[in-house]
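Asker: This structure is in structure tokens; I'll ask about it shortly.
The values are calculated or read from the model by the stated rules, or taken from the named source; none is laboratory data. The model shown is predicted, which means the values in this text are computed figures rather than measured ones. No Cβ is skipped: glycine too gets one built from the backbone with ideal geometry, and neighbour counts run over all protein chains shown.
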Amino acid sequence: MNKLLLILLLFSLNVTAQKLDRKTYYEYSENLEFRIFGINKQRAIDRGNGYYANNIVAEKGRRFITVIFEFKNNSSHSQEIDFNEIYLRDKNGELHKIDFVVMSMKLTSRTNKLQQKLNANKKRKIVAQFRPSFDKDEIIDELVIGKKIIQLNYK
């Protein structure tokens, strides 16, 4: 009897779990596309640098969202990605803005970290953290870029 319950439990977990479709590319602009490589939820995030780091903790039952984007420049010239225009929308319709951006494998001296440049015919992973926090059980399924609303694909 216990084995049967265990099998039913495992089957129900697989049916209800949703996975993001990492193969789907979405359009950012005419020659620039992206895919969502991963979405992470965490209770605390760090801000600051060196000895002056500040830990920000979400309220109980809430989580901060980190999205790993992979941008792909299909043009023959550099493209600018403005993260001031990218938002996540929660189930209540509230927009959550990007608070922190870092481009993988690249050091930059830009003063505006929310604007990144991607060279011609290159791909790059960019990590963005959103604030304020979301309900910890909420599924992130809507991205807003400027005036475009993008529904994220799940398997």
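Yes or no, residue by residue, for (1) buried (at least 17 other Cβ atoms within 10 Å of the Cβ); (2) closer than 18 Å to residue 31 by Cα:
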site: 61; (1), (2): no, no
site: 74; (1), (2): no, yes
site: 82; (1), (2): no, yes
site: 94; (1), (2): no, no
site: 102; (1), (2): no, no
site: 130; (1), (2): yes, no
site: 135; (1), (2): no, no
site: 138; (1), (2): no, no
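Asker: Here's another thing I want to ask about it. Could you list, in sequence order, the residues of segment 21-64 that are assigned to a loop (DSSP other than H, G, I, E, B) and in contact with a strand residue (DSSP E or B) (Cβ under 9 Å, 6 or more places away or on another chain)? So that I can check it myself, show each step before the final result.
Answerer: Within segment 21-64, the first condition is being assigned to a loop (DSSP other than H, G, I, E, B), and the residues that meet it are 21-25, 30-31, 43, 48-49, 53, 58-61.
Once the filter is applied, which keeps residues that are assigned to a loop (DSSP other than H, G, I, E, B) and in contact with a strand residue (DSSP E or B) (Cβ under 9 Å, 6 or more places away or on another chain), segment 21-64 yields 21, 22, 23, 24, 25, 31, 43, 48, 53, 58, 59, 61.
Asker: Still on this structure, I have one more. For residue 124, indicate whether it is out of contact with any Leu (no Cβ under 7 Å at 6 or more places or on another chain), on the phi < 0 side of the Ramachandran plot and modelled with pLDDT under 95.
Answerer: Against the criterion (out of contact with any Leu (no Cβ under 7 Å at 6 or more places or on another chain), on the phi < 0 side of the Ramachandran plot and modelled with pLDDT under 95), residue 124 does not qualify.
Okay, residues lined up against (1) among the hydrophobic types (A, V, I, L, M, F, W, C); (2) touching a Leu at 6+ places or on another chain (Cβ under 7 Å):
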site: 68; (1), (2): yes, no
site: 79; (1), (2): no, yes
site: 84; (1), (2): no, yes
site: 99; (1), (2): no, no
site: 132; (1), (2): no, no
site: 150; (1), (2): yes, yes
